Amino acid sequence: MAVPAAFLVLCVLGFYHVEAAPDTLSSLDSSFCHGGLEAIYPGLDIDKCLIISKALKLREKVSTVWEAPQIYFSGAHKKKMYVLVMVDPDAPSRTKPTSAYWRHWLVVDIQGNALKNGHIKGTTLTDYHPPSPPQKSGFHRYQFMLFEQLPDAQVSLTEQEKSSRGLWNLHAFITRFDLGEPVATLQFLTQNYRD
């Protein structure tokens, strides 16, 4: 259903599914998502690239109320392991991303059979930190990337990586563990809920 508004919020039994109209995202932002990854917050199901609405206080809830989303990937192979990364490439702002990549969440050794059923059973290397863009910094992209983990790979962070979430060299991490291209990606855009 096409709507002239920037986005559409559907309410079904208190659960909101947010859809972005084609003109709300740049072509680069809308083309980031692929593979069928889904992030499910208590009141928000994100299954494609979108901008989170200020309506219904969704930006505030995703930043201050809700904990880590449930991650669902129907394409997961039951016997494989996966790595989930959540980053902000726009820290502290999209025009000056001097702290990118900001690591919001990192889970390794995720069991494919659990992921296929919407659960993450794995080893958390970086605890979930909700999206919290600074005031007046504009929209930030929050990107989820799911990688297939090589059998017997011991994926870990260096001591330097553990010391800070910011300025994380995501590409070096991907190369170090031979993760290759992500099998699925998802992103949403939001800004500080007070803006």
- Single condition residue 62 does not satisfy, out of (1) modelled with pLDDT of 95 or more; (2) not in a helix (DSSP H, G or I): (2)
- Message: When you scan the stretch 84-99, do you find a residue that is touching a helix residue (DSSP H, G or I) at 6+ places or on another chain (Cβ under 6 Å) and over 24 Å from residue 178 (Cβ atoms), even just one?
- Response: no
- Only one of 102, 66 is under 19 Å from residue 182 (Cβ atoms) and hydrophobic (A, V, I, L, M, F, W, C), namely 102
- Query: If you go through the stretch 122-164, how many residues are basic (Lys, Arg) and surrounded by fewer than 14 Cβ atoms within 10 Å (Cβ to Cβ)?
  - Reply: 2
- Hey, residue 151 hits all of (1) within 14 Å of the chain's Cα centre (by Cα); (2) modelled with pLDDT under 95 but one; which does it fall short on? (1)
- Task: Please state which one of 110, 174 is assigned to a helix (DSSP H, G or I) and either free of Cβ contacts under 8 Å to residues at least 60 places away in the same chain or farther than 20 Å from residue 45 by Cα (or both).
- Result: 174
- Message: Condition check: part of a loop (DSSP other than H, G, I, E, B) and free of Cβ contacts under 8 Å to residues at least 12 places away in the same chain. Does residue 154 satisfy that?
- Response: yes
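Condition check ((1) farther than 25 Å from residue 31 by Cα; (2) assigned to a loop (DSSP other than H, G, I, E, B)) across all residues:
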{"residue": "56", "(1), (2)": "yes, no"}
{"residue": "75", "(1), (2)": "no, yes"}
{"residue": "90", "(1), (2)": "no, yes"}
{"residue": "104", "(1), (2)": "no, no"}
{"residue": "121", "(1), (2)": "yes, yes"}
{"residue": "134", "(1), (2)": "yes, yes"}
- Query: So which residues in the stretch 177-195 are modelled with pLDDT under 95 and in a strand (DSSP E or B)?
  - Reply: none
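Looking at 84, 106, 115 in this structure, which one is touching a Gly at 6+ places or on another chain (Cβ under 8 Å) and buried (at least 21 other Cβ atoms within 10 Å of the Cβ)?
Numbers: 106 fails: touching a Gly at 6+ places or on another chain (Cβ under 8 Å); 115 fails: touching a Gly at 6+ places or on another chain (Cβ under 8 Å).
Exactly one of 84, 106, 115 is touching a Gly at 6+ places or on another chain (Cβ under 8 Å) and buried (at least 21 other Cβ atoms within 10 Å of the Cβ), namely 84.
The values are calculated or read from the model by the stated rules, or taken from the named source; none is laboratory data. All values reported here derive from a predicted model rather than from experimental measurement. FYI the Cβ positions are ideal-geometry reconstructions off the backbone, even for glycines, and counts take in every protein chain you see.
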